[in-house]
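To start, the structure under review is shown below, and the notes come after it.
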Amino acid sequence: QVQLVESGGGLVQPGGSLRLSCAASGSIFSGKVMGWYRQAPGKQRELVAFITSGGITHYVDSVKGRFTISRDNAKNTVYLQMNSLKPEDTAVYYCNTMPPLPGGRWGQGTQVSVSS
């Protein structure tokens, strides 16, 4: 059973902000690199950002300076603060290990829609 539960998505106007959360089971989270991914309609799922267990982060160019990934190791939770949102950020957002868990194991994701 996959234990990745994403939350915090919603509908926001361009320029707005959202904070996503992902609660993972300890066996998935502990000591692992965790990532946020997104899948827009008609497109492949892509990695947006990742964070190591020690807090080193990496972002794809399209979100640098706008998104911030963080983690709370005590709560087995990873966050994605998204600011200055753009319509092209519209997608279903997922968290997973980086690389993703084998066997196609994903949570249900959380929908982010950016529209005026």
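The values are calculated or read from the model by the stated rules, or taken from the named source; none is laboratory data. A quick note: this is a predicted structure, and the numbers were derived from the prediction, not measured. Reconstructed Cβ throughout: ideal geometry from the backbone, glycine too, with neighbour counts over all protein chains shown. Calculation scope for accessible area: heavy atoms of the full protein, side chains included, ligands and nucleic acids excluded. Shrake-Rupley method; radii C 1.70, N 1.55, O 1.52, S 1.80 Å.
The fraction of accessible area contributed by carbon and sulfur in the range 11-116 is 50 percent, rounded to a whole number (1.4 Å probe; ligands and nucleic acids excluded). Computed from phi, the 3J(HN,Hα) profile of the range 77-86 under the Karplus parametrisation 6.51, -1.76, 1.60 (θ = phi - 60°) reads 10, 10, 10, 9, 8, 10, 10, 6, 5, 10 Hz, with x in place of Gly and Pro. From most to least packed by mean Cβ count within 10 Å, the peptides 101-108, 77-84 give 77-84, 101-108. Scanning residues 5 or more positions from K32 or on other chains, none has an amide H under 5 Å from its amide H, with H placed 1.01 Å from N in the peptide plane. For K75, a cut-off of 28 angstrom between C-alpha atoms picks up these lysines, skipping any fewer than 8 places away in its own chain: K32, K64.
Quick one: in the chain, what % of C-alpha pairs are over 24 Å apart?
Working: 1188 of 6670 pairs.
Value for the chain (Cα pairs over 24 Å): 18 percent.
Calculated accessible area for the chain comes out at 51 Å² per residue, all protein chains present (probe 1.4 Å; ligands, DNA, RNA ignored).
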